[in-house]
Structures are given as structure tokens and as C-alpha cells.
Amino acid sequence: MRHSLSLSLALVASFLLGSCSRDDQAFPKTPTERILARQDSLREVLVSAPQGWEVLYFPKTDSLLFTNPKEEINQHKFPNQLGYGGFYYQMTFHRDGVLDLQGDYTDGSAKSLQRSTYELGQAGYTRLSFTTGSYLTQLIGERYEGELDFLFRGTDADGQLIFESPRTTKPASSYFILRRIAKGEDRSARLGRAEAHRIAFERMRNPQIRIHQGGRTLFRSDYIMKYSTRDELTSYGRNLVAQRYALFTAVSRKALIPDGPPQAIVGLGSGYVGTPEGLTFLTGIRYSTKYIFSDFERRGDRFVAELVEVYDAPYRTRRLVSRHLHPEGVETGIIAELYDDPNATHDYY
């Protein structure tokens, strides 16, 4: 493999040297030319998807809050610590800088098509900027802290285009991910399913989570808190639709008196977004640094994330992902299920 690669590089070098004049060799591409070449390369990728792109945008996540199932939660302070979830969009980029955009911004918005514009520039990395009003513009402000400029960081092992906020280098604080819609896919149907899955989850009266391996339960939520935050009221612990955040709590130490509040609760939480397959949580439901549940597939009235191990040859790494994204993966037996439990305990804060 190494010899083959060296030979290929040698042939390319020979061709370039043979086709260049002495002046060309003395004056390679200028910094400006290299910047423009990177912008042109990204533009070609963006416009090369005839079906467009699916975009997951989490402008303001919870960072790494509520990621320790053993850490007790301050029941009086936690509502103000809750993060925010994401939004599902479909984007089609045109070579002339025009952008077609649809998205699950609010209930019913998935049917509305918007036309906007975009530009490519440079700010250390190649920058993608949205230059006219759209659904994205409505996320700018104190609540979501959205923005219209994104830096291209590269392509991940699944072929997704990864962008980051230019405003912060903090990990797990913002996500802007593009994944190509495959040829033959029904865009409208996928957008409709993404909205329907989000709404189905939000209509659960008492959403709970169970993480298990075979018959062994690793974590099971069993407690629902109804609380008011930012002058808006949730319904039985189902967080604000506008916030798109879920926190699953369990009693770790019971009340000292009958029917009293528990002495301590623990929990796992993350922002979420509806997808054509089910739900995606970012930064993910983190049972541990190894077991992180990000992508859930809808199965009937439940959402299920079954972790499998895959090997990424180009990166020489192994990772755990959901089976419905990598059905060829090796089974681990680690499963997380989201379901509606009418018998969950309630309390008020």
C-alpha cells in the first residue's frame, strides 16, 4: 500500500513538473489562489448533491451537563441549567449562491420552502455564510444564540460535512452537520417523518429511558418533575417544545416522610431533534464516556438506540454507533429505549 501510494505521488509529481514552465515552478500558487481553491472545492461538494443535504443544527447545546448518572442534581437550581436542542433542515445549494431551505422549525413549518442566499469566504478555515433572512435568522438572539457564519472543519467517517461556530472553541457547544440525501430518496417524506417523530416524542406524557444490556438494567428513569423555567411552564417534565431538551431523572435516595420529595435524584439529559429515522440527541445521552446514545430509531411507540461497534479503516479507530446507521456493526448488547410510562412518579418544583 505504501509503495503504491509513493508511486502514485511520484507519477503525479512527474506530470506536474513536466507540464510546468520554469516560471511556474518559481512562482507557485499565491495564498489568495490557495484560499479561492479551497472555497471552490467546498462549493463543488455543496452543489454536487442533486437531492440536497440534511442539516442538523444545534446552536446552543447543554455542553456536558447531566452526563453523570451518579451525580445528585440540585432540584432547586437545575431548571436554569437546562440546555437547548436542535433543528432539522433540508438545504439545496446552487452554484449562483442561491439556497433552497425547508426545515422543522415549528409545528407545520416543514411544509414551507424558503429561498435564501449563501457565500463562501475565509476566516482561518473556509467559511460558509448565510446572507439573507431564513429560518436560521430566527434562531439569532439570547435564547438560542444562533448565527449565520460557520467554519468548515472537514468530513467525518460517515461522510458528513462538519462545521463549527467561529465564536467559540468550546467542545460540545454547537453543532452544524450536513449529510447528503441519497439519490432516489423522497425529500418531502423524510422531512415529514422528522417532524412527526419529534412531535410524537414531545406528546409523550411521561417520557422515560431505560439503558440495559440483556436483562441487566444499567439506568432507568422513574421520576418526573414539573417545573417552570424562563417564565414558561412545562407539562409533566416534558421540556419546552421551543427548548427541545429532555432530562430523564431517577430517585437515588427516597423521601424521609411518606409522599414527601425524594432526598436526592440523579439524571441524564441532552438536547434533541427529530430525524427521518427517529431522534438525534447532542451531546448525547451519556451513560459513560464509552456508552453515548445519540441516534434513536423509532420502533412503534418507542425510540431505540442499539449500540454496535464499527471499525473506521481510514482512521484506524473503533467506535460505538447505533445499529440502524451501521447494520454491519458488531453487537454489544447495549440498548437505550425511550418510552411513555403512565405510572411514573410526579412532583412539583
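Worth a mention:
- Ranked by the mean number of other Cβ atoms within 10 Å of their residues, highest first, the peptides 88-95, 324-331 come out as 88-95, 324-331.
- The stretch 102-222, dipole about Cα centre (Lys/Arg Cβ +1, Asp/Glu Cβ -1), debye to the nearest 20: 440
- Calculated from backbone phi, Karplus (6.51, -1.76, 1.60) coupling profile of the stretch 332-342 in Hz, x at Gly/Pro: 10, x, 8, 9, 10, 10, 9, 8, 9, 10, x
- Rg over Rh for the stretch 39-348 works out to 0.97, using Cα positions for both radii and the Kirkwood form for Rh.
- Rounded to the nearest whole Hz, the Karplus-based 3J(HN,Hα) values (6.51 cos²θ - 1.76 cosθ + 1.60, θ = phi - 60°) of the stretch 177-186 follow the sequence 10, 10, 10, 5, 7, 5, 4, x, 6, 8, with x at glycine and proline.
- Alpha-carbon gyration tensor eigenvalues x 5, square-rooted, for the stretch 141-210, Å: 26, 21, 13
Quick note: the coordinates plus some simple rules give every number you see, no bench work behind them. As the structure is a prediction and not an experimental result, all values here were calculated from the model. As a convention, Cβ positions derive from the backbone with ideal geometry for all residues, glycine included, and neighbour counts pool all protein chains shown.
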